[in-house]
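See below for the structure under consideration.
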Amino acid sequence: KMPQTPPFAAMFDSSGYNRNLYQTKEDNCGGLYYHDNNLLSGSLEALIQHLVPNVDYYPDRTYIFTFLLSSRLFMHPYELMAKVCHLCTEQQRLGEPGLDKNWTQKIAPKILQLLTEWTETFPYDFRDERMMRNLKELAQRIASGDEVYRKSVQQLLQNLIRKLAAVTQYEEVLAKIDATTSTDRLTLLKTKPQSIQRDIITVCNDPYVLAQQLTHIELERLNYIGPEEFIQAFVQKDPLNNDKSCYVDRKKTRNLEAYVEWFNRLSYLVATEICMPVKKKHRARVIEYFIDVARECFNIGNFNSLMAIISGMNMSPVSRLKKTWARVKTAKFDILEHQMDPSSNFYNYRTALRGATQRSLTAHSSREKIVIPFFSLLIKDIYFLNEGCANRLPNGHVNFDKFWELAKQVSEFMTWKQVECPFERDWKILQYLLTVPVFSDDALYLASYESESPENHIEKDRWKTLR
């Protein structure tokens, strides 16, 4: 029986990555280069070999995650899968009749464990027919040996199929939402004013409840992002393989993109709700309401919604409403802005994020476990880490030291995305947040000028053209 897969947080010790990989003598001369027991680089072939278990060896879990995550920069997952299957069959002689049964029993659970880790952590790789075919062939081969393995193989395939069905369903829901929200709210206001009389405060008058519903949306969307999407977002050509173009098809980063789109939608929704009311005091009330929502998001650890709300309030159609802002008690807003201040590379936010991460590690309740990072910044960090170092060393070796760092960042995200949302869902509020039409840029400016007249020539000209 293989050890059960520990949770992601356990993959790290306090000093960072657990890089002390199990080493056999062959590794040192088999195309892998170590320094102080840390694997720094290796040829692609040697790294693949290092992924495949044998009777005396099972790869360290941090290695499995790091290699499966980064290998897609060099080859398609289905090509890696084919090589792994080939090595398993060849090395373990699984296919040979009359093989020492005892020997097979030693190796089969290890291969099964490797397949389990792959299907659990990178299930979306198996949306590819070729991957699925290889997986099933190898799994059959293992299962044919023993009833125990047959059950485990069945379990593995069922779990995988369930995950893939869930993501397909999620993507269909996203497509539906996209279709319903494509209308601009201004057009609706003119054609069917009664259909959008509702505003956010009539739908949910409690800012705390709104912050909780936003956290539901954030955690659901985070949960569907595959770790590989971070890497696939910037796959380029492998310098050693000129004929191989990068395989970025839209499906590969769909959930990551949907999450970024959600951030933009929330910013525009905030700006729309503020610019819509005709009366100054109503606009001021909406601003104060969103300040309270943002503050509660901060307390929850939902930094993504917090940042989207702040950016919505900082859009020029909103920030130009000086008479409205004069009625707002802005002290609380100033504190939030200070927390999310971009200077010194978002120093204040990064400090708050570290605090939330520490809190989540020692948490007793799911509420304290919530960490929802400011997502665009997380992507930017991973992007710069990727850009800052070469994937290959001058000798053609894969620069594995770089991939440890990438994997470390992505696996922290893996811990965050697995948190269950502890708040009760309110479908009416969720529906509103996800589907109510929002103003386009032009409509926001128009509403803003209607509320508080243009102040200079540029604004006046713009107002004329918009009308």
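The values are calculated or read from the model by the stated rules, or taken from the named source; none is laboratory data. Just so it is clear, the model here is predicted, and its values are computed rather than measured. Positions of Cβ are generated from backbone atoms using ideal geometry, with glycine treated the same way; all protein chains shown enter the neighbour counts. SASA here: full protein model, heavy atoms, side chains in, ligands and nucleic acids out. Shrake-Rupley method; radii C 1.70, N 1.55, O 1.52, S 1.80 Å.
The number of residues in segment 397-416 that are open to solvent by 20 Å² or more (accessible area, probe 1.4 Å) and part of a helix (DSSP H, G or I) comes to 6. When the residues of segment 179-228 are filtered to those that are under 27 Å from the mean Cα position of the chain (by Cα) and at pLDDT below 90, the one that is nearest to Phe122 (Cα to Cα) is Ala179. Among the residues in segment 346-368, are any of a type in the set (Val, Ile, Thr) and in contact with a Leu (Cβ under 9 Å, 6 or more places away or on another chain)? Scanning segment 346-368 turns up no residue that is of a type in the set (Val, Ile, Thr) and in contact with a Leu (Cβ under 9 Å, 6 or more places away or on another chain).
One residue stands out among those in segment 122-159 that are modelled with pLDDT under 95 and either touching a Lys or Arg at 6+ places or on another chain (Cβ under 6 Å) or of a type in the set (Val, Ile, Thr) (or both): the one that is most open to solvent (accessible area, probe 1.4 Å), which is Val148.
Taking the residues in segment 410-444 that are aromatic (Phe, Trp, Tyr) and under 15 Å from the mean Cα position of the chain (by Cα) as candidates, determine which candidate is farthest from Gln232 (Cα to Cα). For segment 410-444, the residue satisfying everything is Trp416. For Gln339, are the conditions met, namely being under 18 Å from Glu228 (Cα atoms) and in contact (Cβ under 8 Å) with a residue 12 or more places away in the chain? Here the answer is no, as Gln339 does not meet what is asked. In this structure, is Phe384 touching a helix residue (DSSP H, G or I) at 6+ places or on another chain (Cβ under 7 Å) and closer than 24 Å to Tyr224 by Cα? Judged against the criteria, Phe384 is not a match. Residues in segment 329-355 that are of a type in the set (A, V, I, L, M) and at pLDDT 95 or above: 2 in all.
Each row is one residue, and each column tells you yes or no for (1) open to solvent by less than 10 Å² (accessible area, probe 1.4 Å); (2) touching a helix residue (DSSP H, G or I) at 6+ places or on another chain (Cβ under 7 Å); (3) at pLDDT 95 or above; (4) part of a loop (DSSP other than H, G, I, E, B).
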residue	(1), (2), (3), (4)
Phe230	yes, yes, no, no
Phe234	no, yes, no, yes
Asn241	no, no, no, yes
Lys244	no, no, no, yes
Asn255	yes, yes, no, no
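Can you give me the number of residues within segment 51-72 that are touching a strand residue (DSSP E or B) at 6+ places or on another chain (Cβ under 9 Å) and open to solvent by 10 Å² or more (accessible area, probe 1.4 Å)? Here the count works out to 1.
Taking segment 112-160 as the range and being over 26 Å from Glu229 (Cα atoms), of a type in the set (Ser, Thr, Tyr) and part of a helix (DSSP H, G or I) as the test, the residues that pass are Tyr149, Ser152.
The helices (runs of 4 or more DSSP H) falling completely within segment 306-382 that include 3 or more residues that are open to solvent by 60 Å² or more (accessible area, probe 1.4 Å) map to 322-326, 331-339, 343-361, 366-369.
Only a single criterion out of (1) surrounded by 20 or more Cβ atoms within 10 Å (Cβ to Cβ); (2) part of a helix (DSSP H, G or I) is not satisfied by Tyr78, namely (1). The set of residues in segment 32-55 being of a type outside the set (Val, Ile, Thr) and assigned to a loop (DSSP other than H, G, I, E, B) consists of Asp36, Asn37, Ser43, Pro53.
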